[in-house]
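K.L.:
First the structure, then my questions, so here it is.
The values are calculated or read from the model by the stated rules, or taken from the named source; none is laboratory data. Keep in mind it's a predicted model, so treat the numbers as computed, not measured. Because the Cβ atoms are built from the backbone with ideal geometry, glycine has one as well, and the counts that use them run over all protein chains shown. In case anyone asks, the SASA skips ligands and DNA or RNA and just uses the protein heavy atoms, side chains included. Shrake-Rupley method; radii C 1.70, N 1.55, O 1.52, S 1.80 Å.
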Amino acid sequence: MPSLLEALERKYFAECEFENAHQPELHKRSDLPNDFTVTKCGGRMEFSIFIPRLSPLTSVPALLVLNDCDIDSAGDFDSIREKCQRVRELDLAQNKLSDWSEVFSILEHMPRIEFLNLSKNQLASPIGSLPTAPTINLKSLVLNGTYLDWACVDALLKNLPVLQELHLSLNNYRQVLIDAEEAEQRLQETETPEETERRITKAHPALKTLHFTGNPVEHWQEICRLGRLFPNLEALVLADCPIKSLQAEESSETHRYFPSLRLLNLSSAQLDSWAAIDELAKFGELRNLRVKHWPLWESLECTEHERRQLLIARLPNVEMLNGGGKISNDERVDSERAFVRYYMDKPEDERPARYEELLRIHGKLDPLVNVSLKPDKRVKVLFTYNDVSESRFVDIYLTVNDLKVKLEKLVGLAPNKMRLYYLDQDYKEFGPEEMRFPNKQLYSYNIQSGDEIIIDAKK
């Protein structure tokens, strides 16, 4: 397997060669430009033009990408220092590195490096004792899919004092086995065997961003340990973590471990209660939140727009929700007023605390006149094919093409062999209208119960 040096030489330092360099009997003629040569070939004279390759680089670019190159070692460190003097970002993902001392030696000989990606390397072995931290410049480290144990993570943090961004995604972490709060003491009878292995370490205040996506952690108390380890976190990504609650056993004020958190991604968590949203409202600095694909949203009987309004009203500090644009003042006011109206007819025991807060701001509101301008979702339509007619309910939010797919079983015609015509029961004198646009939704035809759709086979 190649070393890092061999891989980068192969990619960036090919020797300068000339085409036709080995052809015999090359003669220079004074009446031709300098880049022309004459070759004797039997009784003929052939002209050749020489196009030199680019001269070799003296050093590699600031961004060095050598992922999936089977690299298992560094190579000659003096050559690495000479050729990588400009490197600030190094991508070594999906290689065969397994020795941490080799990794730190690479860092030592690339003194300007600030970003390092070691994802999917075989680095699960313990970190040996390092005499001194070989680099003080590394600010971002990616260790996704490395399955490092927490002792190894702890050793890394101690040797990277200015690290600002850390990626620990897809490492199969169910627990966080390091903690930075010695005051946290648990009764021996409540500790699991894995918890007794947890070590106390120093906090890492320089870290601002942590990616923890796809780890099977379920309990928020484990996430609280990350908050104590990194007390100045500003961004925390927990997407695809099956977290079941945002309350920890040891404290009811779990938000206090995240005093600086501004961005939180909890998409695809296993949260099914509004209580989780009420906990998030306590994060005083939280401005950017993602909470997509929760079981809670599947259980609500409301539209996506109504759900967004209920969320905005409960989260007074959040400015960006689920990746959308910044929440405007008008949208917030509308959402808060909709929230008050939503809960004012509910029993008192079903009203959240936020209801009383917003009631004091907006006062008691008159209910909106219940005039729905939305069409019914399902209407009963008469379908006619040849001489056979049959009434069926149809979802008006289907597209024309979706409807053709559903009608295939009814009439035995492939969708691409089918034409549909819409006949409005109130305007039959104008005749049927061909439904020519496959992506047009049915409601745009103003379909109502009693209207007819005629099915015809393409000739």
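K.L.:
State, to one decimal in nm, how far the label point of residue 256 lies from the label point of residue 297, with both points 7 Å from Cα in the Cβ direction.
P.N.:
3.3
K.L.:
Let me ask something additional. From the phi angles alone, apply the Karplus equation (6.51, -1.76, 1.60; θ = phi - 60°) to segment 84-97 and give each ³J(HN,Hα) in whole Hz, x where the residue is Gly or Pro.
P.N.:
Karplus values, whole Hz, x for Gly and Pro: 10, 5, 9, 5, 10, 10, 10, 10, 10, 5, 6, 10, 10, 5.
K.L.:
Normalised by the number of residues in segment 65-165, what is the relative contact order in percent for Cα pairs under 8 Å and 6+ residues apart?
P.N.:
25 percent.
K.L.:
Okay, moving on. Once you keep just the Cα pairs under 8 angstrom separated by 6 or more residues, what percentage relative contact order results for segment 378-457?
P.N.:
Worked out over segment 378-457, it gives 43 percent.
K.L.:
Another question, then. For residue 378, what accessible surface area do you get with a 1.4 Å probe? Give it in Å², rounded to 10.
P.N.:
The accessible area comes out at roughly 140 Å².
K.L.:
Further question: Residue 86's amide H: which non-local residues (gap 5+, or another chain) put their own amide H closer than 5 Å, with H modeled 1.01 Å from N in plane and none for Pro or chain starts?
P.N.:
60
K.L.:
Here's a follow-up. Check residue 73: other-chain or 5+ apart residues with amide H under 5 Å from its amide H, H built from backbone geometry?
P.N.:
Those qualifying (amide H under 5 Å, at least 5 residues apart or on another chain) are 4.
K.L.:
Tell me, in nm to one decimal, what length is gained between residue 419 and residue 235 on full extension, where the rule is 0.36 nm per residue of separation less the Cα-Cα distance?
P.N.:
Gain on stretching residue 419 to residue 235: 60.9 nm.
K.L.:
Which log10 I(q)/I(0) values, to two decimals, does segment 298-344 give at q = 0.21 Å⁻¹ under the Debye formula with one point per Cα?
P.N.:
-0.69
K.L.:
Accessible area, 1.4 Å probe, largest first: how do 127, 453 sort?
P.N.:
127, 453
K.L.:
Right, here's the next one. Would you rank 328, 335 by solvent-accessible area, highest first, keeping every protein chain in place and using a 1.4 Å probe?
P.N.:
Sorted descending by solvent-accessible area, the residues read 328, 335.
K.L.:
Can you pull the accessible area of residue 260 for me, 1.4 Å probe, Å² to the nearest 10?
P.N.:
Approximately 40 Å² of residue 260 is accessible to the 1.4 Å probe.
K.L.:
What shape does segment 378-457 have by the C-alpha gyration tensor, where a ≥ b ≥ c are the square roots of the eigenvalues, rounded means a/c under 1.5, and otherwise prolate means a/b greater than b/c and oblate the rest?
P.N.:
Cα axes put segment 378-457 in the rounded bin.
K.L.:
If each of residue 137 and residue 366 carries a label point 7 Å out from its Cα toward its Cβ, how far apart are those two points in nm?
P.N.:
Going from the residue 137 label point to the residue 366 one covers 6.9 nm.
K.L.:
Between residue 105 and residue 285, what FRET efficiency comes out of the Förster formula 1/(1 + (r/R0)^6) with R0 = 35 Å and r the beta carbon distance, rounded to 0.05?
P.N.:
Result of the calculation: an efficiency of 0.35.
K.L.:
Spelling out what I want: for every residue of segment 307-324, take phi, set θ = phi - 60°, compute 6.51 cos²θ - 1.76 cosθ + 1.60 (Karplus), and round to whole Hz; glycine and proline get x.
P.N.:
Rounded to whole hertz, the list is 5, 4, 4, 4, 5, 4, 5, 7, 10, x, 8, 6, 9, 10, 10, 6, x, x.
K.L.:
A further question on this structure: How would 224, 302 line up by accessible area, probe 1.4 Å, largest first?
P.N.:
These residues rank, largest area first, as 302, 224.
K.L.:
Rounded to whole Hz and in sequence order, give me ³J(HN,Hα) for segment 229-234 from the Karplus expression 6.51 cos²θ - 1.76 cosθ + 1.60, θ = phi - 60°, writing x for Gly and Pro.
P.N.:
Working through the residues one at a time gives 5, 10, x, 10, 4, 10 Hz.
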